[in-house]
């Protein structure tokens, strides 16, 4: 395969690699929240946020605090703490340029998440997201990364804060040790989305070309929002995390999709290479302490009690249907089997 044919440049080419999702998968995408979704948000300890910045790149940031991080006063609004000690990265300047925001609510110790996209405003103390769409996200990224189970790495070495247009030595070491990231993208209208990705440590390949990263795609729901966004607006922002480490690395740059077999082979796990990867050419990065993560790691030992993923999806899709509890248990078994059989 020559270099030009290894790039995916249209949705038709994308769907030749990743078939469209099953209709039952898209049924879970809703225009607003409901009671079980609001429960998930109320128990979040970490919230990821993606926006398009004034220079056209995507920035992925986060907010974290042990209690009262977020809540939904109704089905169309989510309020998130923007207290200074809860911040990982600034969001105000981005929202001033473009209010469209992607959000993911992460519950410490749990592998499933709730995603919501819409428009946001920020004050000194609060971010308010007006919901345009919301849906539950499968646990595979968390299972692959063992984000809540992994031990604190001992080989990472001393960390120093870095910020610049490329990747310094400390940032590269952080990427090499990271098993988990949040990927932010947006479409031509600036409507943003954020998605979790996980693998064993070093999930992203640091290529020889300076500042070039390669992010693998693993089996998922085939909705492919991130990929479709990159085709429309070739940029991405990534937030890297390492279990039990109170630091975070943010990178933003230009993105495109590749199916180059040689490059994908370097991303194989258990002999299984991905079918597709995102090439990210870093244009800016920031590695900094994130003390607000400490309670996130600590509270993962006692996860909050919320409805299961299967029950939540059933409540969202069939809020007045019969036998919802039974259907939720059946769906949980189906989802558990999918995680066991289709991680890679």
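Each value in this text was obtained by applying a stated rule to the coordinates, not by laboratory testing. Worth saying up front: this structure is predicted, and the values here are computed from it rather than measured. Cβ placement follows ideal geometry from the backbone for every residue including glycine, while neighbour counts extend to all protein chains displayed.
For the reader, a short list of remarks on this structure follows.
- Shape of the stretch 124-272, Cα gyration tensor, a/c cut at 1.5: rounded
- Mean-position separation - Cα centroids, the stretch 113-142 and the stretch 229-288, in angstrom: 21
- Listing 47, 8, 306 from fewest to most neighbouring C-beta atoms within 10 Å gives 306, 8, 47.
- Full-stretch length increase - residue 34, residue 323 - with 0.36 nm per residue and alpha-carbon distance subtracted: 102.2 nm
- Comparing Cα centroids, the stretch 161-213 and the stretch 1-62 end up 16 angstrom apart.
- Dividing the alpha-carbon radius of gyration of the chain by the rule-of-thumb value 2.2 N^0.38 Å gives 0.93.
- Relative protection proxy for 102-110, 318-326, 271-279, 133-141, from highest mean packing down: 102-110, 133-141, 271-279, 318-326 (other beta-carbon atoms within 10 angstrom).
- Cα extents for the stretch 237-344 along the principal axes, largest to smallest and rounded to whole angstrom: 52, 39, 26.
- For the stretch 29-141, fraction of C-alpha pairs farther apart than 23 Å, in %: 21
- As a calculated quantity, the FRET efficiency between residue 189 and residue 222 at R0 = 22 Å, using C-beta atoms, amounts to about 0.45.
- For peptides 307-314, 58-65, 15-22, sequence by mean Cβ density within 10 Å, most packed first: 58-65, 307-314, 15-22
- Simple label model, 7 Å out from Cα along Cβ direction - residue 123 to residue 85, nm: 2.1
- Summed over qualifying helices (DSSP H, 4 residues or more, each -39500 (n - 2.57)) and divided by its residue number, the chain shows a 222 nm mean residue ellipticity of -6500 deg cm²/dmol.
- Highest-first packing order for the peptide set 177-186, 70-79 is 177-186, 70-79, based on the mean count of other beta carbon atoms within 10 Å.
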